[in-house]
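Take a look at this one; I'll ask things after.
The values are calculated or read from the model by the stated rules, or taken from the named source; none is laboratory data. These numbers come from a predicted model, not from an experiment. Cβ: placed from backbone, ideal geometry, glycine included. Neighbour counts: every protein chain shown. SASA here: full protein model, heavy atoms, side chains in, ligands and nucleic acids out. Shrake-Rupley method; radii C 1.70, N 1.55, O 1.52, S 1.80 Å.
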Amino acid sequence: MDISFADKASQKMILKAADENIETVWDRYEAQQPQCGFGTTGLCCRHCTMGPCRIDPFGEGPSVGVCGANADTFAARHVARMVAGGSAAHSDHGLGVVETLLAIAEDDNSAYEIKNVDKLYSMAKVYDIEIKNKEPKVIAKELANIAFEEFGRQRGELILASLAPEARQKLWRDKGIMPRGIYREVVETMHRTTMGVDADYKNIIKHSMRTALSDGWGGSMLATELQDIIFGVPTPLKSSANLGVLKEDEVNILVHGHEPTLSDIIADLSTSDEINKLAEAKGAKGVNVAGICCTANEILMRRGVPLAGSFLQQELAIVTGVADLMIVDVQCIMPSLKKVTEGYHTELITTSHHAKMDGVKHVAFHPEEAVKTAKEIITIAIDNYPNRNKEQIDKPDDQERLVAGFTADSISKFLGGKYRSTYRPLNDAIISGRIRGAAGVVGCSNPNSDYEKNHILMVKELLKNDVIVVTTGCNAITCAKHGLLQPEAAFKYAGEGLQEICRTVGIPPVLHLGSCVDNSRILTVLTNVVNEGGLGNDISDLPAAGAAPEWMSEKAVAIGMYFVASGVYTLIDHPLPVMGSKKLHQYLTEDIEQDVGGKWAFQEDPVKGAHMMIRHIDKKRKALKLKPLMYEQSLPVED
Ligand code: SF4
Ligand code: MSK
């Protein structure tokens with residue numbers, strides 16, 4: 001693996017881990033080589049015990065499984081189950097947020113409150129809940145109960161899907177993919193893909209789009225919108241990123257996973273006098289909370305808590321020798337953490353009943369006891385501070401400043417000026433050719449790519465070509481570590497047109513919109529741009545594209561599929577596991593566009609990938625008959 005593109009702190013910690021004989025994700029990745037070609041290309045199936053079956057891609061062995069299923073069925077079922085897994089993960093997160101909202105409404109002693117009443121009112125409006133003469137808690141209870149129905153609705157349409165542009169809703173109805181309840185769609189995917197049910201690859205993918213839509217416009221959107229009610233709507237704020245945010249003279253608590261419910265309380269309590277005194281009694285100057293993965297993004301967005309690192313840095317944060325405690329909630333948590341923490345003084349604690357690890361301390365989190373649990377965990381961290389092994393401490397100082405906390409609302413406030421929030425200036429900047437288009441670059445980091453190379457090269461290439469970038473998840477953390485979330489980054493990396501916009505409104509050229517579930521904010525931004533007018537009637541008309549240049553999770557497949565089904569050209573580096581099926585590959589990367597206006601693209605070279613996205617943006621500009629670019633940019637004729 002080439003680590004020369006990686007941030008300096010990671011480079012140092014990868015070498016330190018090797019020196020100390022600590023096995024990391026890159027070592028385990030190497031140990032898995034060569035990885036199974038049948039799995040990579042979608043040509044294995046173990047959906048029943050007549051199998052496992054595999055199909056020979058070279059046509060010399062069997063061309064069907066024992067039941068007669070062919071390569072197209074194998075691969076389509078595989079993708080559909082990935083979509084179901086990812087949708088379930090996001091949506092179960094969303095369900096937890098609904099439960100917290102209900103608890104706030106019913107429990108006067110709840111540690112949580114309704115932080116943003118305006119957002120509560122706007123969500124009540126979406127669900128047709130009368131707000132006149134009602135206390136916020138009464139509205140919150142009605143909202144939580146209707147939100148529960150979004151999960152279990154067997155008939156009709158997901159209500160949140162009514163927020164999509166009219167033309168998109170019509171297309172979903174015409175194509176039979178308007179989502180119903182989230183649980184219904186996920187269950188139906190699991191049914192259709194079991195042995196001897198759906199054997200038509202297009203029909204399987206059609207339903208996987210419906211499932212993914214129930215995530216993007218349902219489970220994920222509920223998670224985002226209700227978290228905004230409970231924890232506050234993010235507003236742009238400053239913070240910093242990378243392992244340098246850990247402090248040698250303070251107790252360091254790392255919060256890792258995806259759900260902010262407990263971490264928000266820990267971050268809040270960590271600065272209290274009571275906690276400071278406890279820390280001082282152990283010789284520390286205070287308690288420092290920093291985040292990993294999307295829990296990090298959640299509490300960065302609303303509290304400015306610094307980002308310690310991305311998915312691939314979860315082990316490296318422990319290798320610094322100054323991580324006194326890491327708590328993990330759900331998703332993207334490597335089971336290897338147990339072994340890595342055993343090599344250092346770090347306490348590892350699981351907190352969700354959904355995600356335990358054999359042999360690892362579990363402190364069960366119940367929202368009604370949030371403060372008690374948070375205090376217990378902080379105290380464990382403080383008590384562990386004196387146990388640091390001085391010989392193991394070698395903390396990198398590297399960190400970068402960042403601006404984060406953008407939302408669909410704050411984009412319009414920034415761009416619309418002081419007195420009126422509107423998307424008009426953004427639309428006009430695109431129409432006039434000052435900005436070429438917009439790209440959402442999101443998602444994981446993966447040891448199968450040179451660490452961070454794809455993220456950084458792709459984003460820089462887009463900026464250079466006057467494409468404004470919105471980001472979430474681990475791409476956002478990577479961009480932050482490389483200084484791309486600073487307003488000055490526009491002058492270093494953006495084309496002239498984009499620079500002008502960033503200078504005028506004082507924003508970075510890459511806008512951090514939050515965590516994985518906050519990809520729903522990108523759907524809202526795209527819808528607002530359509531509704532503002534002048535750029536077509538549907539999301540698929542927009543000069544916009546999406547990418548996940550180092551994807552690894554099933555959640556990334558769910559996100560990609562709901563963007564495609566919402567009309568977005570969506571590029572990933574390594575292909576979906578479909579290369580063993582020519583028909584499915586052709587459908588996902590070409591023909592699906594005729595059905596839903598979006599399509600998948602696979603390109604491992606990040607600069608070529610950026611060019612493919614830009615060509616798509618240019619195609620849409622041409623179709624809309626927009627003006628030529630204000631500052632002419634040309635791409636290589638062919639990559
Ligand atoms: Fe084999 Fe068909 Fe069973 Fe899959 S479902 S394991 S292809 S027999
Ligand atoms: S944390 S899903 S590695 S973005 Fe959301 Fe990062 Fe991907 Fe996990």
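Given R₀ = 30 Å, FRET efficiency for T40-R173 by Cβ-Cβ distance, to 0.05?
On the way: r = 36 Å, r/R0 = 1.21.
In this case the efficiency is close to 0.25.
Quick check for me: using +1 on Lys/Arg Cβ and -1 on Asp/Glu Cβ, what's the dipole size of the chain about its Cα centre, in debye to the nearest 20? Before the final figure, lay out the partial values.
Numbers: 69 positive and 84 negative charges, 327 e Å.
Using only the charged Cβ atoms, the result is roughly 1580 debye.
Among all the lysines, which ones have a C-alpha under 20 Å from K119's C-alpha, if same-chain residues fewer than 8 places away are not counted?
Filter leaves K132, K134, K137, K141, K413.
For segment 399-473, run through the chymotrypsin sites (Phe, Trp or Tyr not before Pro) and keep only the ones in DSSP coil with at most 12 other Cβ atoms within 10 Å of their Cβ. The partial results should precede the final answer.
Numbers: sites: F406, F414, Y419, Y423, Y451; in loops: F406, Y419, Y423, Y451.
Of the chymotrypsin sites (Phe, Trp or Tyr not before Pro), the ones in loops of segment 399-473 whose Cβ has at most 12 other Cβ atoms within 10 Å are Y419.
I would also like to ask the following. Evaluate E = 1/(1 + (r/R0)^6) for S122 and K285, where r is the Cβ-Cβ distance and R0 equals 45 Å; express this FRET efficiency to the nearest 0.05. If you can, show how the numbers build up before the last one.
Working: r = 42 Å, r/R0 = 0.93.
Step by step, r from the Cβ atoms, then E = 0.60.
Using a 1.4 Å probe over the heavy atoms of the protein chains, calculate the carbon and sulfur portion of the accessible area of segment 71-231 as a whole percent. Walk me through the numbers before you get to the answer.
Numbers: 3040 of 6200 Å².
Here it works out to 49 percent.
Another one. At most 16 other Cβ atoms within 10 Å and a DSSP loop assignment: could you name the trypsin sites (Lys or Arg not before Pro) in segment 267-336 that fit? Intermediate values should be presented prior to the final figure.
Numbers: sites: K277, K282, K285, R302, R303; in loops: K282, K285.
Answer by residue number: K282, K285.
What percent do you get for the relative contact order of segment 243-392 when only Cα pairs under 8 Å and 6+ apart count? Mind dumping the intermediate values first?
Numbers: 304 pairs, mean separation 42.2, N = 150.
After rounding, I find 28 percent.
Binning every alpha carbon pair distance of the chain at 20 Å from zero, what are the percents per bin?
20, 54, 25, 1
Count charges around L312 for me, please; just the other residues with Cβ under 10 Å from its Cβ, Lys/Arg as +1, Asp/Glu as -1.
Details: positive: none; negative: E315, E452, E550.
The answer is -3.
Positive end of the dipole of segment 404-624, charges at C-beta (+1 Lys, Arg; -1 Asp, Glu), about the Cα centre: which of N475, S449, Q586 has its Cα farthest in that direction?
Highest projection toward the positive end goes to N475.
Another question, then. In terms of modelled amide H atoms, which long-range or inter-chain residues lie less than 5 Å from the amide H of A544?
A438
Tell me, what ³J(HN,Hα) does each residue in segment 428-445 have, in order and in whole Hz, if you take phi through Karplus 6.51 cos²θ - 1.76 cosθ + 1.60 with θ = phi - 60° and put x for Gly and Pro?
Here the 3J(HN,Hα) series is 5, 5, 6, 4, 7, x, 6, 9, 6, x, 10, 10, x, 10, 9, x, 6, 10 Hz.
Tabulate in residue order the Karplus-calculated ³J(HN,Hα) for segment 234-251, using 6.51 cos²θ - 1.76 cosθ + 1.60 with θ = phi - 60°, rounded to whole Hz; enter x for Gly and Pro.
Rounded to whole hertz, the list is x, 10, x, 8, 9, 7, 8, 9, 3, 4, x, 6, 5, 10, 6, 9, 10, 6.
List, in order, the whole-Hz ³J(HN,Hα) value for each residue of segment 520-530 obtained from phi through the Karplus relation with A = 6.51, B = -1.76, C = 1.60 and θ = phi - 60°; use x for Gly and Pro.
Here the 3J(HN,Hα) series is 4, 5, 5, 4, 5, 4, 4, 5, 5, 5, 4 Hz.
How do the peptides 14-26, 319-331, 226-238 rank, highest first, by the average count of neighbouring beta carbon atoms within 10 Å per residue?
Highest mean packing first, the order is 319-331, 226-238, 14-26.
Right, another one. Strictly over 29 Å apart at the Cα level, which of K12/K375; K464/K625; K285/K356; K338/K375; K277/K361 would you flag in this model?
Working: K12/K375 33 Å; K464/K625 23 Å; K285/K356 32 Å; K338/K375 23 Å; K277/K361 25 Å.
Long pairs (Cα-Cα over 29 Å): K12/K375; K285/K356.
Straight-line reach only, C-alpha to C-alpha below 17 angstrom: list the lysines that K620 could link to, leaving out same-chain residues fewer than 8 apart.
Straight-distance partners of K620: K599.
Here's a follow-up. How much length would be gained if the chain were fully extended between M50 and K361, taking 0.36 nm per residue of separation minus their Cα-Cα distance, in nm to one decimal?
Details: separation 311, 0.36 × 311 = 111.96 nm, distance 4.01 nm.
Using 0.36 nm per residue and subtracting the Cα-Cα distance, I get 108.0 nm.
How far apart, in nm, are the 7 Å Cα→Cβ label points at Y29 and H353?
Each label point lies 7 Å from its Cα, and together they span 3.6 nm.
Could I ask something else about it? With the dipole of the chain worked out from charges on the C-beta (+1 for Lys and Arg, -1 for Asp and Glu) around the Cα centre, which of G321, G560, A374 lies farthest toward the positive end?
Looking along the dipole axis, the top candidate is G560.
Amide H to amide H under 5 Å from E452: which residues, 5+ apart in sequence or cross-chain, H placed 1.01 Å off N in plane?
Those qualifying (amide H under 5 Å, at least 5 residues apart or on another chain) are N446.
Would you grab the residues whose amide H sits under 5 Å from the one on A601? Only those 5+ places off in sequence or on another chain, please, with H modelled 1.01 Å from N.
T570, L571, I572
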